[in-house]
Amino acid sequence: MKFVIATHNPGKVVEFKRLLEPMGIEAVMADISEPEETGTSFEENAYIKAAAACRETGLPAVADDSGLCVDYLNGGPGIYSARFAQPGKRRLTVLEKLQGVPKEQRGAHFVSAVCCVFPNGDRIDAVGKCFGTIAFESRGENGFGYDSIFEQDGVTFGELPSAEKDARSHRGHAFAAFEEKLRGYLATHPADQKNTGD
Ligand code: IMP
């Protein structure tokens, strides 16, 4: 099965491939446009991205809309995580906004809403979350985005090896739920398994 990955985020591309390929999915990139994320939820934005990529390529398309929700910021930046503050300044901006805030008020979670759209219009949705706190400083070089300021058990996601991040992360949980739903879908739609995109 060939699925197009509906993202332009290089950090996500790496994780999508890592999570989709063990499912027997050939995850391919395509020269697709970047639709405006006009939804008001992670789920709506994931659908907008997957539907656009499916329409443009004629292949099943998988997207995720994801973000960091910080309790102290009333759930922000949330769906605006990619557009929050200047590029390169996003982690620092979160740390600055939480300056002086004690550990017990630094709760946060990541959300990943995965959406897969098939050329026949069918769709599969799955959501994953993971909970932690905002660290007092950025630590670790692994991962992308806010990984180096999101901490669980004293370790940031930026300090974790990739397999460990996948086992704990919002995206890892969302793709595990997606895999289960995909298996159920393919069992009742065997023709879709033959899709090679050729
Ligand atoms: P979008 O889903 O493309 O709108 O962007 C999500 C944004 O949330 C990314 O650009 C990152 O800044 C952040 N984000 C989503 N998932 C992760 C993650 O696994 N680690 C760190 N940051 C993430």
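Laboratory data are not the source of any read-out in this text; all were calculated from the coordinates shown. Computed from a predicted model, the values in this text were never measured in an experiment. Glycine also receives a Cβ, built like all others from the backbone with ideal geometry; neighbour counts cover every protein chain displayed.
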Residue that is surrounded by the fewest Cβ atoms within 10 Å (Cβ to Cβ), among those in segment 69-109 that are within 30 Å of Glu26 (Cβ to Cβ) and not β-branched (Val, Ile, Thr):
Ala82
In segment 1-34, residue surrounded by the fewest Cβ atoms within 10 Å (Cβ to Cβ) [restricted to those that are in a helix (DSSP H, G or I) and among the acidic types (Asp, Glu)]:
Glu21
Go over the candidates Glu37, Glu43 one by one and state the one that is within 15 Å of the ligand (Cβ to nearest atom), part of a loop (DSSP other than H, G, I, E, B) and either in contact (Cβ under 8 Å) with a residue 40 or more places away in the chain or crowded, with 19+ Cβ neighbours inside 10 Å (or both).
Glu37
From the residues in segment 128-171 that are part of a strand (DSSP E or B) and away from the ligand (no atom under 13 Å from the Cβ), which one is surrounded by the fewest Cβ atoms within 10 Å (Cβ to Cβ)?
Phe131
Tell me whether segment 81-90 contains one or more residues that are of a type in the set (Lys, Arg) and outside any helix (DSSP H, G or I).
yes
Considering each of Ala85, Ala61 in turn, give the residue that is within 17 Å of Phe144 (Cα to Cα), among the aliphatic types (A, V, I, L, M) and more than 8 Å from the ligand (Cβ to nearest atom).
Ala85
Test result for Lys17, among the basic types (Lys, Arg), within 13 Å of the ligand (Cβ to nearest atom) and free of Cβ contacts under 8 Å to residues at least 24 places away in the same chain:
no
Residue list for segment 38-68, restricted to those being farther than 18 Å from Pro10 by Cβ and of a type in the set (D, E, K, R):
Glu43, Glu44, Arg55, Glu56
Where residues in segment 55-68 are surrounded by fewer than 20 Cβ atoms within 10 Å (Cβ to Cβ) and not polar (S, T, N, Q), which of them is farthest from Glu104 (Cα to Cα)?
Gly58
